[in-house]
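*Asks:* I'd like to ask you about the structure that follows.
The values are calculated or read from the model by the stated rules, or taken from the named source; none is laboratory data. Everything quoted here is computed from the prediction, not taken from an experiment. Here the Cβ is made from the backbone with ideal geometry for all residues, glycine too, and neighbour counts use every protein chain on show.
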DNA sequence: CTTCTTGCAAATAGTTTGCATATAG
DNA sequence: CTATATGCAAACTATTTGCAAGAAG
């Protein structure tokens, strides 16, 4: 990994991920890169994203979507996906203590070695909660996302 | 969903899922169905699997694999994936109390509505732990999975 | 110069779908 | 009979890869 050369495309992808909190898919990254590099290819985007994951500058967010989501923030945190609009959001839990022993608890009944876990929350995001409130008040209005 | 007709293929898929604890992918189901129905198509397998998921007779196991894994056991339990051999196993946690308040804890700092979570554990399964022990004793032996 | 990176296009893996035929009710 | 299910093949989506040309060190 030390044999990595600088590339403007990679730099742009890193910068882009840093500005986003919504964990874009490779395709979203691609679309945005094309503004600056009209001829960039999806292959380049994928190659760089997995390279960044390999060297720890990004993580793949495990969520139950068809497509992989990428996160430029590698600090430990949890993720949430809205099952109405599909947005993937960060979740910062202040009371982490409750989660500390999760692996230990799970290992108690498991014949093997548990090394980690990934927790994924789902529900309705703030916007969708609002939308739904509106809809229940004005029932004859069409659904707008 | 009440307009569902009986089919021998669907029955066989349900029975097959019930006998397996390792959460097969659609492809594995397909391969096994071909023993009884040599001309069954992957399309039929996929159609039935998603139908079963819809009516709650099976669940999609959320794991970070390329392919979807299906589980015939719809009772609440957790999953584990071995990051050496890729096996997906069930995890039965007896001390569930610790997990009860997870949504509540997460919701405390979240602007929206958390409805559920999925926890996925990873590490080394029993077999791989054994294999690795063997390897560290007999270092000149090749890796056998 | 040598190695890494890119753009392009073709390949791949998993899954879905249109359609004519077969089967259940 | 009528509606649902099947087999088959083609379509589709996300991702990966081979290769010749371009940029970095």
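*Asks:* Look at residue B:1 and say whether it is out of contact with any strand residue (DSSP E or B) (no Cβ under 6 Å at 6 or more places or on another chain), modelled with pLDDT of 95 or more and either assigned to a helix (DSSP H, G or I) or more than 10 Å from DNA strand C (Cβ to nearest atom) (or both).
*Replies:* Answer is no for this residue.
*Asks:* Here's a follow-up. If I ask for residues that are touching a strand residue (DSSP E or B) at 6+ places or on another chain (Cβ under 7 Å), more than 7 Å from every other protein chain (Cβ to nearest Cβ) and either modelled with pLDDT under 80 or farther than 29 Å from residue B:67 by Cβ (or both), which ones from segment B:107-131 would you list?
*Replies:* Applying the first criterion (touching a strand residue (DSSP E or B) at 6+ places or on another chain (Cβ under 7 Å)) to segment B:107-131 yields B:107, B:110, B:112-126, B:128-129.
Of the ones still in play, those that are also more than 7 Å from every other protein chain (Cβ to nearest Cβ) are B:107, B:128.
Answer for segment B:107-131, where residues must be touching a strand residue (DSSP E or B) at 6+ places or on another chain (Cβ under 7 Å), more than 7 Å from every other protein chain (Cβ to nearest Cβ) and either modelled with pLDDT under 80 or farther than 29 Å from residue B:67 by Cβ (or both): just B:107.
*Asks:* Out of all the residues in segment B:1-20, which are under 25 Å from residue B:90 (Cα atoms) and surrounded by 13 or more Cβ atoms within 10 Å (Cβ to Cβ)?
*Replies:* B:10, B:12, B:13, B:14, B:16, B:17, B:20
*Asks:* Something else: Taking the options A:11, A:35, A:39, name whichever one is under 30 Å from residue A:82 (Cβ atoms) and within 13 Å of DNA strand C (Cβ to nearest atom).
*Replies:* Only one candidate passes the filter, namely A:35.
*Asks:* While we're looking at this one, here's another question. Does any residue in segment A:41-56 that is more than 16 Å from residue A:23 (Cα to Cα) come within less than 9 Å, Cβ to Cβ, of a residue that is within 6 Å of DNA strand C (Cβ to nearest atom) and in a loop (DSSP other than H, G, I, E, B) six or more places away or on a different chain, and which pairs are these?
*Replies:* From segment A:41-56, the pairs are A:44/A:7; A:44/A:37; A:51/A:4; A:55/A:4.
*Asks:* Further, regarding this structure: List, please: which pairs have Cβ atoms under 6 Å, are six or more places apart or on different chains, and start with a residue in segment A:86-106 that is more than 8 Å from chain B (Cβ to nearest Cβ) and under 24 Å from residue A:70 (Cβ atoms) and end with one that is surrounded by 16 or more Cβ atoms within 10 Å (Cβ to Cβ) and at pLDDT below 70?
*Replies:* Final answer for the pair search is A:88/A:63.
*Asks:* Just to be sure I understand, how many residues within segment A:33-48 are more than 10 Å from DNA strand D (Cβ to nearest atom) and closer than 17 Å to residue A:67 by Cα?
*Replies:* Residues in segment A:33-48 being more than 10 Å from DNA strand D (Cβ to nearest atom) and closer than 17 Å to residue A:67 by Cα: 1 in total.
*Asks:* Turning to a different aspect of this structure: Just the residues that are within 13 Å of DNA strand D (Cβ to nearest atom) and within 14 Å of chain A (Cβ to nearest Cβ), please, taken from segment B:49-58.
*Replies:* Of everything in segment B:49-58, just one residue is within 13 Å of DNA strand D (Cβ to nearest atom) and within 14 Å of chain A (Cβ to nearest Cβ), namely B:50.
*Asks:* Answer yes or no as to whether residue B:91 is surrounded by 14 or more Cβ atoms within 10 Å (Cβ to Cβ), modelled with pLDDT of 80 or more and either under 12 Å from the mean Cα position of the chain (by Cα) or closer than 18 Å to residue A:120 by Cα (or both).
*Replies:* yes
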